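A quick write-up on the structure given underneath.
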Amino acid sequence: MPESFPPGFLWGAATAAYQIEGAAQEDGRTPSIWDTFSHTPGKVLGGDTGDVAVDHYHRMRDDVRMMADLGLTAYRFSVSWPRVQPTGRGPAVQRGLDFYRALTDELLAGGIRPSLTLYHWDLPQELETGSISGSAAGGGWPARDTAYRFAEYAGLVAEALRDRVELWTTLNEPWCSAFLGYGSGVHAPGRTDPVAALRAAHHLNLGHGLATQALRAALPGRARIGVALNPSAVRPLTQAPGDVDAARRIDALANRVFTGPMLTGEYPADLLADTAHLTDWSFVREGDMATAGQRLDVLGINYYAPTVVSAAGAGEGSRRDGHGASDHSPWPGSESVTFHQPPGELTAMDWSVDPTGLYDLLMRYAHESPGTTLMITENGAAYDDKPAPDGSVHDPDRIRYLHGHLSAVHRAIADGADVRGYFLWSLMDNFEWAYGYSKRFGAVYVDYETQVRTPKSSAGWYGKVARTGELPEPPVG
Ligand code: FCB
């Protein structure tokens, strides 16, 4: 029996502004922290930058047509903050907003639901470093003011696109912004200060809450507002108490640091205790928790692979946690936890292929956020795709990956999780952050020399799933 999904289930693909748009200096756009970071030698593999990326800014109409041809019913994209509000404060640049007006018009005309993410990591550089004129203090996410800047920007985008977009996401993966950006430093802005990382996490929670308020004030009642987290499906290596405690610590720092404030209106006591030697958390002010805990219409889950941990030194440990190499840990106060590569199949990121992690997360958040719709806002895999002599690109591994994960989603829905959509990461190959263009996540292959797009076999497979709402039999070979 084919596995059928509920009617109206959204079949989408996801991208992010800095990873695809290019046009880094056009129409008034100013640098974001990712422009600065990628132009800093040694930060991104091969010295790659998003200056041109896959030139989506100039190829947007063709790209939307491609999505419609594939049969997608939804598209998750992000707005480039420095394109619409270059300094991170003040009025919006209309030319920047016009691009997103045109994009959403094209999507709607093609029968594709736009799902807009306000922040996919491209903070205006001025909000990090402060302006030369002195009008902006800077400080990035560790600075409280950034949360208020974010809410102002959210209001500007909402005013401009309120009649076109119903699905709104405040932040993408605030864990990465806080702990990779300010902790391990493998992401922009590349700072390595554990306390700054914790402060950033709090101001991201606050910014999410303030932005949600700004969106609700500006948008019609039918709008649905959410956040896209990358919760870890954390598993202890063994049931030994030390390993179980390591899993608890990472669950606090990866997951509950955000779902605590957002879903329950408080930080977990164990997180505060685990980090008490670093900070007293006095940057949390009265009223912040109520602000962060705004009602969520949608909880977006980005999932790639589970996380296996043990106590320090237990088993065959390594510092590898799948987020790039750094001498600095992204886990403040829990630096000694050891991360393990689970046995079994790996993707080109060396991430393990294990759909049970996705199932577990969906069931967990179905229980922890009753009344909130769940969406898989990202899921997918990188493989070393290469065109065949005839130009076609076959990616059976990706089809198997998608099949396994969609089957896990189907099982979670059957077991009661209210999941309403799935967004494949990614529509097309693009700039994979610290890995540059070396990792291909797309369902569509991009030749970076010519910018020619070629749908891989997974794109055809996924399009058929989108059109029929059914998973075919598992592919063989
Ligand atoms: C997620 C990011 C996304 C992409 C995938 C592979 O962490 O949100 O932009 O890079 O990983």
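No lab work stands behind these numbers, since they all come straight from the coordinates. The shown structure was predicted, so the numbers you read here are calculated from the model rather than taken from an experiment. Note that we place each Cβ from the backbone using ideal geometry, even for glycine, and neighbour counts take in every protein chain shown.
What to note about this one:
- Near the amide H of residue 428, within less than 5 Å, lie the amide hydrogens of 443, 444, all on another chain or at least 5 residues away, with H placed in the peptide plane.
- Looking at the chain, the DSSP beta bridges with both ends there are about 20 percent antiparallel.
- For the chain, relative contact order (Cα pairs under 8 Å, six or more residues apart, normalised by length) works out to 18 percent.
- Count, lysine Cα pairs under 19 Å in the chain, 8 or more residues apart or across chains: 5
- Placing +1 on the Cβ of every Lys and Arg and -1 on the Cβ of every Asp and Glu, with nothing else charged, gives the chain a dipole about its Cα centre of roughly 860 debye.
- The amide H of residue 169, built 1.01 Å from its N in the peptide plane, has 116, 117, 118, 226 as neighbours under 5 Å, considering only residues 5 or more places off or on other chains.
- Range in the chain, longest, excluding exposed GluC sites (Glu not before Pro) [loop by DSSP; at most 11 other beta-carbon atoms within 10 Å]: 1-285
- Debye intensity ratio in log₁₀ form over the Cα atoms of the chain, taken at each q of 0.11, 0.14 Å⁻¹: -0.86, -1.53
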